Structure formats: structure tokens, C-alpha cells
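Below is one structure, written out as C-alpha cells; the observations come after it.
The values are calculated or read from the model by the stated rules, or taken from the named source; none is laboratory data. Bear in mind the structure is a predicted one, so any value in this text is a computation, not a measurement. Here Cβ is always computed from backbone atoms with ideal geometry, including for glycine, and neighbour counts include all displayed protein chains. Just so you know, the surface numbers come from the protein's heavy atoms only, side chains and all, with ligands and any DNA or RNA stripped out. Shrake-Rupley method; radii C 1.70, N 1.55, O 1.52, S 1.80 Å.
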Amino acid sequence: MWIDTHCHIDAAEFGDASLSVAAQAAAAGVSTIVAMAIERANFDTVASLAARAPNVTYALGIHPICIPQARDEDLDALRAQVEAAMSDPNFVGIGEIGLDFFIPLLCEPDMRAKQERFLREQLRIARDFALPVFLHVRRSQDQVLKHLRQIRAPSGIAHAFNGSFQQAQNFVDLGFHLGFGGAMTFTRALQIRRLATELPLSSIVLETDSPDIAPSWIHPGRNTPEQLPAIGAALAELRGIGVDAVRDAVHANTLAAIPRLAAASRTLDK
Ligand SMILES: [Zn+2]
Ligand SMILES: [Zn+2]
């Protein structure tokens, strides 16, 4: 079965349809969706969606785009909520966290520093609870790598990966996986397609990042986790191998990257 390792199923674009979006994905063969938190205000939202949808799990974290409004006490709240969530089988890791050096506001010196401070504390939480991290890495590959080397989260995913082969290798050397999704379905995305084709299959996991990054066949429409199997088929075509081989390999990679998914027996028999 397919696993969507990165999704924003509580996004405003889905309105109150999040549960039916999850159910449609399940019907399409997506056995598990990992819903990202982006700020303290949606920690409970993703947790309660996971409690109500049989194929939804969740991560908790503070996203770079939410850093301007975030307060230091949100990090304390995150640590406390993570500690409590360790007994929740739907809870699988820390995310979405990272660095975004593309959005101008986030590139101002004080905001860069705040992003890095929040990333470092969230990496410490991941390390302290032995949890994987779901990383947003935008124009910040080497900076994120620097922090990962200093604060070693046990595993994780650099999502919507778009870097060089060397940077990809550096993440893999640290025990991380690389997330690929709708971007590789565009013929003009030469570098991402080359990475998806030539990187070892063992380093790759799949994601939709829905409602964003719609694949070519529905662009510019709203993306949904239901698209994950077709994205997997696109990866199989790029690599010139069978869809089943991609599905089984990526499934194993995903369980290695997100160990609590393997421990949650409910995801194994789907
Ligand atoms: Zn992201
Ligand atoms: Zn995201």
C-alpha cells in the first residue's frame, strides 16, 4: 500500500472535507497519510483528525512560515504536547520544521536567526524523544545540514527535495530520506527528475504536500493525497521499473524513516 509521508490535510483549502479527502485516498490505496502540524494552533487539529480517520497519522512542529508569529513558549508547549503524544499510536514525529530562505520576510537577519533557533530546539525535541523529523528545506540545504550534524535527530525526511546530488548524498549520509512528489511529474523539472531517476531507490519516499504541489495532470488544481499512487507510478516510469517494485521499496523506506508507523500495527494490515 502507499504512504503519503507529507500532507496538510487540515488546510483551509479542504474546508470541512478533510475526513472525506482521507477516505477517498484510502479507497485509492493510500493506507497511511502523515498530516503535518505547522503551528501551535493546529496541533490539536491534526491529532483529532488522526483520531477520527483510520488512515491518518500526524506530526507536531512549527513550520518556518509560522515563525514570525511564533512565541518562545510555543516551543515549551510543543515539548509538552510531544511528551503526552508519545502514548498516542497515531503520533509519528516532529514536523513540519526547517528553514525557508526563499520568502523575503523570512530572510531578514532577525528572522533568519529566529528560524534557526526554532529549528535547533525542535531538533533537540526530536533527539530527546528519538523521533524522526519532517524537514522543509527551501534555499537552505547546507544550513539545515549544518544543524542536523550538530543536533542529531535519529531519522527523517527532507521533503519536496530540490537540491544537488551532493546535498542529497549528505542527507542520506546522515540517515535521512528524500521526499519526492508532484514536482517530478513536470517534464521541465529537469533536476528533480534527474534526482528521482538516479538517486538510490532506497533513499526515496513519496509525498503529495497536498493541497500544494499538484502533479502535472491536475495542475493548477487542488492536490489531494489520493494522487499518491499516480505519483508513485510516475516515479516508476522515470526509473523504468514496475509500479509494484516502486511501491514495495518505497513502503519499506518509509517505515525505516518513520519507525512509529511500523510500530502502529493498524498501518501494517492496511
Ligand atoms: Zn514544506
Ligand atoms: Zn508541507
To the nearest 20 debye, what is the magnitude of the charge dipole of segment 147-255 about its Cα centre, counting +1 on the Cβ of each Lys and Arg and -1 on the Cβ of each Asp and Glu?
260
Find the accessible area per residue for segment 2-262; the probe is 1.4 Å, ligands and nucleic acids are left out, and the unit is Å².
39
Antiparallel content of DSSP bridges confined to the chain, in %, to 5:
0
Non-local residues with an amide H under 5 Å from the amide H of G98, with H modelled 1.01 Å from N and Pro and chain starts lacking one, are H136
How would E226, E96, E237 rank on accessible area, largest to smallest, probe 1.4 Å?
E237, E226, E96
Any chance you could check the Cα centroid distance between segment 25-96 and segment 123-172 for me, in angstrom?
18
Per-residue [θ]222 nm for the chain (sum of -39500 (n - 2.57) over DSSP H runs n ≥ 4, rounded to 500)
-13500 deg cm²/dmol
Give me a comma-separated list of calculated 3J(HN,Hα) values for segment 134-148, in order, Karplus coefficients 6.51, -1.76, 1.60 applied at θ = phi - 60°, integers in Hz, x for any Gly or Pro.
9, 9, 9, 10, 10, 6, 8, 3, 6, 5, 5, 4, 4, 5, 5
Once neighbouring chains are kept in place and the probe is 1.4 Å, which whole percent of the accessible area of segment 34-152 is contributed by carbon and sulfur?
51
What chymotrypsin sites (Phe, Trp or Tyr not before Pro) does segment 92-158 have in DSSP loop regions with at most 15 other beta carbons within 10 Å?
F102
With charges only on Cβ, +1 for K and R and -1 for D and E, what is the dipole size of the chain about its Cα centre, in debye, rounded to 20?
600
Based only on the alpha carbon positions, what is the Kirkwood hydrodynamic radius of segment 2-262, in angstrom?
18.0
